[in-house]
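The values are calculated or read from the model by the stated rules, or taken from the named source; none is laboratory data. Every value quoted in this text rests on a predicted model; they were computed, and no experiment measured them. Cβ placement follows ideal geometry from the backbone for every residue including glycine, while neighbour counts extend to all protein chains displayed.
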Amino acid sequence: MVKGTIEERTSVDEIISKTNGGWDIFKYYSPVNVGKTMHVPWRKDVSRSFGVFCKNGVYFWKDLAQEQAGSSIHFVSKLFNISYTDAIEKIKWDFNIGQGKNINTSPVQIVWNKPEEDAEYRHIAFTPCPFDEKHAAYWNAYHLSEDYLKKWDVYRIKTLSINRKRVFLPEETLNFAYYHSPSKCVKILRIGGEKTFKWKNNVSGDVLWFKEKLEECNKLVISKSVKDSLCLSLFGINTVAVQSESISCIDKNAEWFQNLSCPIFVNMGTDKQGKGVSNAITKKYKWKHYNTPDSLLPEVNDVAEWCKTDIKALEEHLKLKKVL
């Protein structure tokens with residue numbers, strides 16, 4: 001009895017630690033957002049009473065109407081109407097943690113409405129304009145010119161509107177738009193000013209940036225960010241960037257990746273979270289991973305920062321790891 005209890009506890013701890021405190025579990029199975037009230041997924045409710053919150057680095061759900069709460073594992077149990085033990089096995093299988101069992105459950109149709117706070121970002125429009133000195137300097141530090149960025153649909157913003165309302169852009173801020181042409185959606189990057197407005201976007205979480213730009217592909221690198229992919233492209237490397245840094249984005253594009261029939265490298269960053277996501281993906285799909293050296297931490301955590309600080313060293317390392 002004691003032995004069984006210890007083994008289950010270890011399994012739960014491992015699941016939580018390898019899914020960013022359970023956050024990846026919530027995001028994998030549902031469109032949740034921390035701190036935003038939503039409809040309960042397993043019952044009909046008139047008003048939104050469901051939410052996800054974080055406590056001491058671990059994520060939990062709470063149903064305010066029925067005064068119920070639980071962990072990410074309890075969430076999967078209720079969502080799929082399976083036992084707690086089967087929920088553990090399902091998560092382990094889906095996230096490739098340990099052995100796990102393929103728990104056969106019917107796909108869940110998520111019908112939640114987006115929180116009202118999200119509605120304002122459904123329509124984003126911008127007017128591009130030429131780089132000035134400070135906007136150019138930001139990207140030049142990464143060896144990326146304005147003309148090069150335009151080929152990848154990265155622009156400086158002159159005017160911006162969200163939900164058809166004009167957004168004031170302070171003069172001291174740097175404002176850029178990543179335009180995803182297939183979906184006609186936009187990701188806004190604002191540097192400086194309020195921290196709450198660094199990123200705004202209406203891009204789907206399963207989008208692969210630059211997928212449409214690939215022609216022939218003998219190797220592919222999956223990056224955690226547009227900036228990392230842009231830096232890798234300087235070396236002629238075929239690359240896509242995930243919109244969502246989780247295994248669910250990969251899963252939703254799995255068929256496309258498999259049809260490439262070429263070596264694939266996963267590049268999600270060298271910090272603890274990045275390595276965790278990389279390990280889960282490479283273990284599940286039998287791909288390779290590429291990380292910048294641990295010895296460069298904490299100053300250099302990804303390709304973009306290394307490109308900025310020492311592009312020659314980055315090039316040599318890419319060759320050493322047979323990415324280039």
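Observations
- Inside segment 281-309, residues that are part of a loop (DSSP other than H, G, I, E, B), touching a helix residue (DSSP H, G or I) at 6+ places or on another chain (Cβ under 6 Å) and not polar (S, T, N, Q) make up a count of 2.
- Checking every residue in segment 221-236 against the condition of being in the same structural domain as Lys134 (by TED's automatic domain parsing) and either within 22 Å of Ala304 (Cβ to Cβ) or touching a helix residue (DSSP H, G or I) at 6+ places or on another chain (Cβ under 7 Å) (or both) gives zero matches.
- Failed condition for Lys312, given (1) assigned to a helix (DSSP H, G or I); (2) under 26 Å from Val203 (Cβ atoms); (3) out of contact with any Leu (no Cβ under 9 Å at 6 or more places or on another chain): (2)
- Among the residues making up segment 2-54, those that are assigned to a loop (DSSP other than H, G, I, E, B), at pLDDT 70 or above and more than 21 Å from the chain's Cα centre (by Cα) are Thr37, His39, Val40, Pro41, Trp42, Arg43, Lys44, Ser47, Arg48, Ser49.
- Residues in segment 124-152 that are assigned to a helix (DSSP H, G or I) and among the hydrophobic types (A, V, I, L, M, F, W, C) were compared, and the one that is farthest from Lys211 (Cα to Cα) is Ala137.
- Breaking point among (1) buried (at least 19 other Cβ atoms within 10 Å of the Cβ); (2) within 11 Å of the chain's Cα centre (by Cα), for Ser244: (1)
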